[in-house]
Amino acid sequence: MSQPQLSRSAKEPIDPPCVVDDGGIDEAAEALNGYVLDPSRYPDNAADLKTTKDGRYVLIPQPLDTPDDPLNWSPRKKWTIVAIMAYIAFLADYTGGTAIITVIPQALLEWHLPQVEVQRAVVGNLFTIGACGLFVVPLAGFFGRLPVTLFFQIIMVGTCVWSAAATRFHSYLAARIINGFFCSVGQGGALMWIKDLFYFHEHPRVINYIEFSIILSPYLGPLIASFIVSEVVWRWAFWVCTILAGIGLVLVLFLDETLFDRKSPPASRGSRVSRLLGIQQAKDWKNRSLGECLARPVVAITKLPVLLILVYYFLNFAWVIGVNTTIAIWLTSIYGFTTMGLGYFYFFGIVGVLLGWFAGHFLHDAVGRYYIQRHKGVLNPEARLIILYPSTVLLCLSLVLLGLAFEYHWHYMAIAVFAAMQCFGVMIVTTAINAYLLDCYPEGSGEVSAWVTASRNWAGFMSTYIQIEWVERGGPARALGAQAGITLASVLFILALQLYGKKLRRSQGRMVFRAGK
């Protein structure tokens, strides 16, 4: 099917008309001017365009007439890839969360060091998890998604073994830092895989699934590790991580390469083995530059909507990690929790994230449909931000209540409810900002995903350094109250984007990449 361009220019400084004059779809113009999903907005009710089976939505982007286009793959194959990538993304913060619990026996029984010093391994791991995606995405754009994922997963398995077998603290510290750099291959490139496989109208729901596994992992890791270290030596917590990482490595063999150039589709995809090892992708190296691929994240961060949303997320997620990394200390010192008791308590995170995922499964699409009805069939990316207002208020409220609960020693079940409330809010926030950035810059799906991962983990890196001292100096109520104030103030970034985001995107233009995909 021919793909003529829309008459709307990507640089046209007016809202899109009610009727589109041409038959093709320019995704760059849609991102700048608003996505038109309603077939009635197109000539002849989008008769020359491909739509969903029920005819409700026009497909953006339009798939090519070839089974090699990942957009044309069967739902079963697509969701299998999503499930595998969600599992691999889960592993990064699961292993990081495991290390939060092992700090206590490592410090007291293994290396006889202060807990603060052993905690450096947790902090170093957080930092490199954040940095991982900024290298994964450019490398995946040059070498291919599949071989890069395979290579990083192999190193992750090796560093999990190293973490479990380390006999000296400095060896363990090195293992955790290197592990972080290679374990986040699933997190850093999550949006890249989603954009390759799914249409615009499907993005929020798919994002919600993968982000569920990512946000769940730092709570499930400490939960399982607490049960392990209460019965056996701490090393078994990392042997479990090794087993889980090994399963992830096996699952990589069931993935497929989703890197596909729709402007110049390849004549052949080659064999599965050639795609797994990067041999097939190497045939296109002559059309790419590794240096220019590595520069792509720099191009992405120069876009003000990206920078502003990352600052907002940083100021919100920092206190989620801050609470998660210190709650074990508070519960043991104030309430006398045992290691086994901590394991049971961490169910709060699972409950909160699960409820957030379930609510988001319906809320994100509902907000989008409501916006489309109110704006004549057009969906602007800023519509994804509407849900952030109540979510941010919920995060503020949870921090205030948690501070008061610890300050005045309320019942620990109240603490569990307030902490679950925080998990619920951050789950909604995470899906919304990822959907917003993907809508704004579909050509930079991997780059914005990498920066979101960096923002999330570097926020944790920062809060882990300051949280304990801040609480000890001012008390939980004052410290978490100040954090609630910072969270509330961050809404100003969202307000600015809703008022001026479209103008900013138009004035700065698209992300222009000279090489890679």
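Dipole size of the chain about its Cα centre, with +1 on Lys/Arg Cβ and -1 on Asp/Glu Cβ: approximately 520 debye, rounded to the nearest 20. A helix-only calculation puts the chain at -23000 deg cm²/dmol for mean residue ellipticity at 222 nm, using -39500 (n - 2.57) for each DSSP H run of at least four residues, averaged over all residues. Along the axis of the charge dipole computed for the range 176-260 (Cβ charges of +1 for Lys and Arg, -1 for Asp and Glu, origin at the Cα centre), the listed residues I228, G188, L251 are led at the positive end by I228. Relative to the longest principal axis of the Cα atoms of the chain, the long axis of helix 388-407 makes an angle of roughly 0 degrees. So what's the angle, to the nearest 10 degrees on a 0 to 90 scale, between helix 203-229 and the longest Cα principal axis of the chain? Between the helix axis and the principal axis of the chain, the angle is about 20 degrees.
Divide the volume of the convex hull around the Cα atoms of the range 50-138 by the residue count and you get 155 Å³ per residue. The distance linking the range 399-425 with the range 328-350 is 13 Å (Cα centroid to Cα centroid, whole angstrom).
The number of Lys pairs in the range 167-303 with C-alpha atoms less than 24 Å apart, excluding pairs fewer than 8 positions apart on the same chain, is 5.
Each Lys or Arg adds one and each Asp or Glu subtracts one; over the other residues with Cβ under 14 Å from the Cβ of G481, this totals +1. For the chain, the longest principal axis of the C-alpha atoms and the axis of helix 145-165 are separated by about 0°.
Place a +1 charge on the Cβ of each Lys and Arg in the range 321-440 and a -1 charge on the Cβ of each Asp and Glu, then give the dipole magnitude about the Cα centre in debye, rounded to the nearest 20.
The calculated dipole for the range 321-440 is roughly 280 debye.
Projecting the Cα atoms of Q498, G96, Q508 onto the dipole axis of the chain, where Lys and Arg carry +1 and Asp and Glu carry -1 at the beta carbon, places Q508 farthest toward the positive end. Peptide packing for 232-245, 386-399 was compared via the average number of neighbouring C-beta atoms within 10 Å per residue; ordered from the highest value, the list is 386-399, 232-245.
Over the range 276-400, the pair-distance histogram of Cα-Cα distances with 5 Å bins from zero comes to 2, 7, 10, 13, 13, 12, 11, 12, 10, 6, 3, 1, 0 percent, rounded to whole numbers. Treating r as the C-beta distance of Y465 and A47 and R0 as 35 Å, the FRET efficiency rounds to 0.05.
Debye-formula intensities of the chain, expressed as log10 I(q)/I(0) at q = 0.10, 0.11, 0.13 Å⁻¹, are -0.77, -0.93, -1.25 (one equal scatterer per alpha-carbon, no solvent).
Taking every alpha carbon pair in the range 376-517, what does the distance histogram look like in 10 angstrom bins from 0, in percent? The calculated distribution, bin by bin, is 10, 33, 31, 17, 8, 1.
Applying the Karplus relation 6.51 cos²θ - 1.76 cosθ + 1.60 with θ = phi - 60° to the range 298-311 yields 3J(HN,Hα) values of 5, 4, 5, 6, 6, 7, 4, x, 5, 4, 5, 5, 5, 5 Hz, where x marks Gly and Pro. Annotation for the range 80-171: trypsin sites (Lys or Arg not before Pro) lying in DSSP loop with at most 11 further Cβ atoms inside 10 Å of their Cβ are R168.
For the range 82-179, what is the convex hull (Cα atoms) projected area averaged across all directions, in square nanometres?
Averaged projected hull area, Cα only: 6.2 nm².
Each of C293, I309, L397 was scored by the projection of its Cα onto the charge dipole of the chain, and the greatest displacement toward the positive side belongs to C293; charges sit on the C-beta of Lys, Arg, Asp and Glu.
Looking at the range 308-393, which chymotrypsin sites (Phe, Trp or Tyr not before Pro) are DSSP coil and have at most 16 other C-beta atoms within 10 Å of their C-beta?
Y335
Potential lengthening of the chain between F362 and L249 amounts to 37.4 nm, from the contour at 0.36 nm per residue minus the alpha-carbon distance.
None of the figures in this text is laboratory data; all of them are computed from the coordinates on show. These figures come from a predicted structure and were not determined experimentally. Heads up, the Cβs are rebuilt from the backbone with ideal geometry, glycines too, and the neighbour counts pull from every protein chain shown.
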